[in-house]
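Written out below as structure tokens is the structure these notes cover.
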Amino acid sequence: MWTGRLSPKAILPDVKATAVVTAYHPDDRLAAVVESALKSCETVIVSDNTPPGSTSAAAGLSDPRVTVLTNGSNRGLAGALNAAVAQLPADTDTVLFLDQDSVLPAELVPSLAVHLEADSRIGVVAPTPWDAEHGGSYEKAAATGPTLADRDGVMTSGMLVRRACLDAVGPFREDFFVDWVDFDFCMRARAKGYRVVQDTTVRLPHSLGDRREHRLGPWTVHVLHYPVWRHYWVARNSTVLAREQRNAWSLSAALYLARWTFNTAVFEPRRRTHVPALLRGFADGLTGRFSAKYLPAGAQYSAR
């Protein structure tokens with residue numbers, strides 16, 4: 001395990017890494033995220049979806065190595081990512097993607113970068129997202145798999161992407177707005193011949209949101225309690241991907257959505273609104289449509 005404040009230059013000769021941080025109404029933690037990224041990246045781009053008239057901690061970032069993009073509206077995760085990618089310095093050859101609450105351990109980027117050096121086929125390498133509040137990995141496979149495991153997809157926050165892979169795959173999918181944007185990108189990277197891998201020994205503390213423990217008989221069940229619009233996009237986009245992929249992953253996505261729907265029906269206090277949102281998302285995913293009522297207030301949606 002790497003220790004101390006290491007630069008990716010210590011591992012990859014002449015590497016120029018840029019961190020992309022997406023933000024929406026960020027609080028003071030954003031400064032710590034940016035500071036941690038600057039320890040291993042030469043520049044940071046903060047893509048801020050906070051609408052005009054609202055306060056944002058991004059306004060207080062003053063380091064000359066940091067560029068803040070004020071997008072003017074909530075363009076969704078994909079829109080924010082694409083806005084930042086369009087502003088990458090020409091000499092950037094490695095891009096680190098982060099959420100606004102992901103403070104990097106000092107060794108994360110160097111530990112991931114060694115895999116890019118070792119295998120030119122690797123386009124995306126990610127850490128294991130770690131639930132610091134409850135303890136343990138969010139991903140059961142990470143606890144039992146090999147140290148470096150090929151994945152169908154990985155979470156956006158913490159993934160390190162080779163610039164050539166980013167250019168080959170193209171923009172993040174804005175019609176997905178937020179959920180499954182990362183998996184869609186990873187699947188397109190795999191279709192281009194790149195490997196998408198996860199280092200199960202490298203952890204990134206990460207919060208998925210309001211995650212609570214519930215009891216179901218002798219079992220403990222962890223359930224995410226999202227606002228109603230998020231449930232819609234979880235269902236819609238997983239269904240779209242499953243329909244497009246038509247492979248073994250599609251079956252796992254269907255099972256995932258079935259379990260999500262069951263947990264929502266059983267444990268969500270607002271099930272009367274949330275279950276219909278899931279069902280509508282599933283129906284729209286089958287037809288390729290979207291329902292504007294499930295966009296958060298003030299959001300700007302792009303169907304491209």
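Being over 28 Å from SER36 (Cβ atoms), outside any helix (DSSP H, G or I) and of a type in the set (A, V, I, L, M, F, W, C) is the requirement here; does VAL223 meet it? I'd like the intermediate steps shown before the answer.
Numbers: over 28 Å from SER36 (Cβ atoms): yes; outside any helix (DSSP H, G or I): yes; of a type in the set (A, V, I, L, M, F, W, C): yes.
Yes; evaluated as a whole, the condition is true for this residue.
Being in contact with an Asp or Glu (Cβ under 7 Å, 6 or more places away or on another chain) and assigned to a loop (DSSP other than H, G, I, E, B), is that true of even one residue in the range 47-56? Full working, then the answer.
Let us first name the residues in the range 47-56 that are in contact with an Asp or Glu (Cβ under 7 Å, 6 or more places away or on another chain), namely 56.
Still in the list and also assigned to a loop (DSSP other than H, G, I, E, B): 56.
Within the range 47-56 (the criterion being in contact with an Asp or Glu (Cβ under 7 Å, 6 or more places away or on another chain) and assigned to a loop (DSSP other than H, G, I, E, B)), the answer is yes, since at least one residue qualifies.
From ARG259, ARG236, ARG243, ARG230, grab the single residue that is in contact (Cβ under 8 Å) with a residue 40 or more places away in the chain and surrounded by fewer than 17 Cβ atoms within 10 Å (Cβ to Cβ). Lay out the reasoning, then the answer.
Values: ARG259 fails: in contact (Cβ under 8 Å) with a residue 40 or more places away in the chain; ARG236 fails: surrounded by fewer than 17 Cβ atoms within 10 Å (Cβ to Cβ); ARG230 fails: surrounded by fewer than 17 Cβ atoms within 10 Å (Cβ to Cβ).
The conditions single out ARG243.
Could you identify the single residue in PHE183, PHE172 that is in contact with a Leu (Cβ under 9 Å, 6 or more places away or on another chain), under 30 Å from LEU116 (Cα atoms) and assigned to a loop (DSSP other than H, G, I, E, B)? Can you show your working first?
Values: PHE183 fails: assigned to a loop (DSSP other than H, G, I, E, B).
Matching residue, one of PHE183, PHE172: PHE172.
For the range 164-173, what are the residues that are more than 13 Å from ALA86 (Cβ to Cβ) and surrounded by 19 or more Cβ atoms within 10 Å (Cβ to Cβ)?
Initial filter on the range 164-173 (more than 13 Å from ALA86 (Cβ to Cβ)): 164-165, 168-169, 173.
Answer for the range 164-173, where residues must be more than 13 Å from ALA86 (Cβ to Cβ) and surrounded by 19 or more Cβ atoms within 10 Å (Cβ to Cβ): CYS165, VAL169, ARG173.
To keep it simple, each residue is scored yes or no on (1) buried (at least 17 other Cβ atoms within 10 Å of the Cβ); (2) within 20 Å of the chain's Cα centre (by Cα); (3) modelled with pLDDT under 95; (4) closer than 23 Å to ASP27 by Cβ.
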position	(1), (2), (3), (4)
LEU104	yes, yes, yes, yes
ALA126	yes, yes, no, no
ALA132	no, yes, yes, yes
LYS140	no, yes, yes, no
GLY153	yes, yes, no, no
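Among the listed residues THR239, THR220, THR264, identify the single one that is of a type in the set (Ser, Thr, Tyr), touching a His at 6+ places or on another chain (Cβ under 9 Å) and farther than 22 Å from PRO129 by Cα.
Working: THR239 fails: touching a His at 6+ places or on another chain (Cβ under 9 Å); THR220 fails: farther than 22 Å from PRO129 by Cα.
Going through THR239, THR220, THR264 in turn, the sole match is THR264.
So is ALA90 surrounded by fewer than 19 Cβ atoms within 10 Å (Cβ to Cβ) and under 17 Å from ALA164 (Cβ atoms) or not? Write out each step before concluding.
On the way: surrounded by fewer than 19 Cβ atoms within 10 Å (Cβ to Cβ): yes; under 17 Å from ALA164 (Cβ atoms): yes.
Judged against the criteria, ALA90 is a match.
Could you tell me whether THR201 is in contact with a strand residue (DSSP E or B) (Cβ under 6 Å, 6 or more places away or on another chain) and polar (S, T, N, Q)? Outline the logic, then answer.
Numbers: in contact with a strand residue (DSSP E or B) (Cβ under 6 Å, 6 or more places away or on another chain): no; polar (S, T, N, Q): yes.
The answer is no for THR201.
Out of the residues in the range 65-80 that are touching a residue at least 40 places away in the same chain (Cβ under 8 Å) and in contact with a Pro (Cβ under 8 Å, 6 or more places away or on another chain), which is surrounded by the most Cβ atoms within 10 Å (Cβ to Cβ)?
This residue is ALA78.
Please enumerate the residues belonging to the range 265-292 that are within 23 Å of GLU244 (Cα to Cα) and part of a helix (DSSP H, G or I). Outline the logic, then answer.
Restricting attention to the range 265-292, the residues satisfying the condition of being within 23 Å of GLU244 (Cα to Cα) are 277-292.
Hits for the range 265-292 are ALA277, LEU278, LEU279, ARG280, GLY281, PHE282, ALA283, ASP284, GLY285, LEU286, THR287, ALA292.
Go through PHE267, PHE282, PHE290 for me and flag whichever is in contact (Cβ under 8 Å) with a residue 24 or more places away in the chain, in contact with a strand residue (DSSP E or B) (Cβ under 9 Å, 6 or more places away or on another chain) and either buried (at least 19 other Cβ atoms within 10 Å of the Cβ) or not hydroxyl-bearing (Ser, Thr, Tyr) (or both).
Step by step, each of PHE267, PHE282, PHE290 is checked, and only PHE267 is in contact (Cβ under 8 Å) with a residue 24 or more places away in the chain, in contact with a strand residue (DSSP E or B) (Cβ under 9 Å, 6 or more places away or on another chain) and either buried (at least 19 other Cβ atoms within 10 Å of the Cβ) or not hydroxyl-bearing (Ser, Thr, Tyr) (or both).
The values are calculated or read from the model by the stated rules, or taken from the named source; none is laboratory data. What you are looking at is a predicted structure, and each value in this text was computed from that prediction instead of being measured. Neighbour counts run over all protein chains shown; Cβ positions are idealised from the backbone, glycine included.
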